[in-house]
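> Quick one: structure below, then a few questions.
Derivation of every value follows stated rules applied to the coordinates shown; laboratory data play no part. Note that the coordinates shown come from a computational prediction; the quantities given were computed from them, not determined experimentally. Every residue, glycine among them, receives a Cβ derived from its backbone with ideal geometry; neighbour counts consider all protein chains shown.
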Amino acid sequence: MRSIGELARASGLTVSALRFYDRSGVLVPALVDPVTGYRWYADEQVVPARLVAGLRRVGMPLAEIAAAVRHRAEPAVVGRLLDAHLRRLEDGLTDARRELSRVRALIDHEEQPMTTRLVLSRADLAAAIDAVRFAVGTDPELPVLSGVLFDVAADGVRLVATDRHRMAVARVPGTVDGPTRRLLAPVALVDAVRELLGGAGDGRAPLGGTGDVGAVPGSAGDAGRVLSGGGGGDAHLRLDGDGLTVTVTRREVGGAALPDEFPDYQRLLGTRVPAYRVTVDVPALRAQVAGRPPARVLRHEGVDVPVTVLGLDDAGGLRVLDDAAPADAAPDAVRFGVNGRYLLDALDAGDRGQLLLELDGPIAPLAVRRPDDADAYSILMPIRL
């Protein structure tokens, strides 16, 4: 047995840190003397302590450190935790660079408008818009949620939309010329861009005509004006101080950005390892959800919300339950409530024969992912049963 001081020297953790991880349940001593209160650790706790010390140095959150210690005998699980944390660190560095660019712009009174240009696959951009459009907010009191965030990185752009109850994310790789930046495009402009992209990859001309100049159906005001321009098979995006302009095959849509600052969606994504990852047949699940009455209907802010209850069968597969607490369910059975309409929207936006559903528990968000694209997914907030 090792004293707390000996384990501190062997692991690189301080004595106070070891006391903290004991109170947190992350690294509990093998023995605590009932008289003196001294903590004693077994030799086999040195490696977990060193693991905690390393993860602490790279700033991993406490919950994920605890998960890594619990699953240290499962390299695949710990590997996913490390990969997710590394992505978060890289995203944080990108955000820091972006914020520093904004600070420099604020102190530079002779600032020239920054312009960033992107070349993206027309089909990929259309698919990304389709994947997030359903999650755009419509609450007039929250105009910041009434658009789609274009979050430009060095190797492409991430599209994000949320209405507080759900969030959808999709990434489009591409060539970027200019500084990384974020731009919040109003939904009318996003719809105009999607109209311009048309079938996107099926060889058809963009919807709304084939001429060089014209109006985009459904556009509103300046968000969605169509101009003449150059282009090609790809989509060419220009982000500047005034807004967003997209050019496809000599047709161009442009509009002003929303002035609001989009929420810090990175904090909402999380990097948890889900307790359950279930592959579902989308047409079958859609038919189950749409073809039966909801398990219950809740009244929320004057609107009826149909609650779909999901559970796991004995084989670990997903099933739709007719009741929030079926009589044949075990006391510890996994049951998850979600807005049925929102679930159908997420399934339709996934547009795949199969999708992955990630569940943790009745009060944790449900993630809907594409098995072939780790960067395209949506998150649905749970409904307490």
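> Applying 1/(1 + (r/R0)^6) with R0 = 35 Å to the Cβ-Cβ distance of Leu31 and Leu86, what FRET efficiency is obtained, to the nearest 0.05?
It comes to 0.45.
> Report the full-extension gain for the segment Val15 to Ala315: residue separation times 0.36 nm, less the Cα-Cα distance, to one decimal in nm.
103.4 nm
> Label Ala364 and Arg299 with points 7 Å out from Cα along Cα→Cβ: what is the distance between them in nm?
Label at Ala364, label at Arg299, 3.4 nm between them.
> Sorted from largest down, what three extents in whole angstroms do the Cα atoms of region 1-70 have along their principal axes?
Between the extreme Cα coordinates on each principal axis of region 1-70 lie 35, 20, 20 Å.
> Now for a different question. Give me the number: length gained by fully extending Asp348 to Val58, i.e. 0.36 nm times residue separation minus the C-alpha to C-alpha distance, one decimal in nm.
In short, 100.5 nm is gained.
> Now a separate question. Quick one: net charge of Asp151's neighbours, Cβ under 10 Å, K/R +1, D/E -1?
Spelling it out: positives minus negatives among the neighbours equals +3.
> Then there is this: Report the gain in length on full extension from Trp40 to Glu74: 0.36 nm times residue separation, minus Cα-Cα distance, nm rounded to one decimal.
Taking 0.36 nm per residue and subtracting the Cα distance, the gain is 9.6 nm.
> Further, regarding this structure: Report the net charge of residues surrounding Val32, where surrounding means a beta-carbon distance below 14 angstrom and charges are Lys +1, Arg +1, Asp -1, Glu -1.
+2
> Arranged from highest to lowest average of other beta-carbon atoms within 10 Å per residue, in what order do the peptides 285-293, 81-89, 177-185 appear?
Answer by packing, highest mean first, reads 177-185, 81-89, 285-293.
> Highest mean first, what order results for 245-253, 158-166 on Cβ atoms within 10 Å?
Those peptides, ordered most packed to least, come out 245-253, 158-166.
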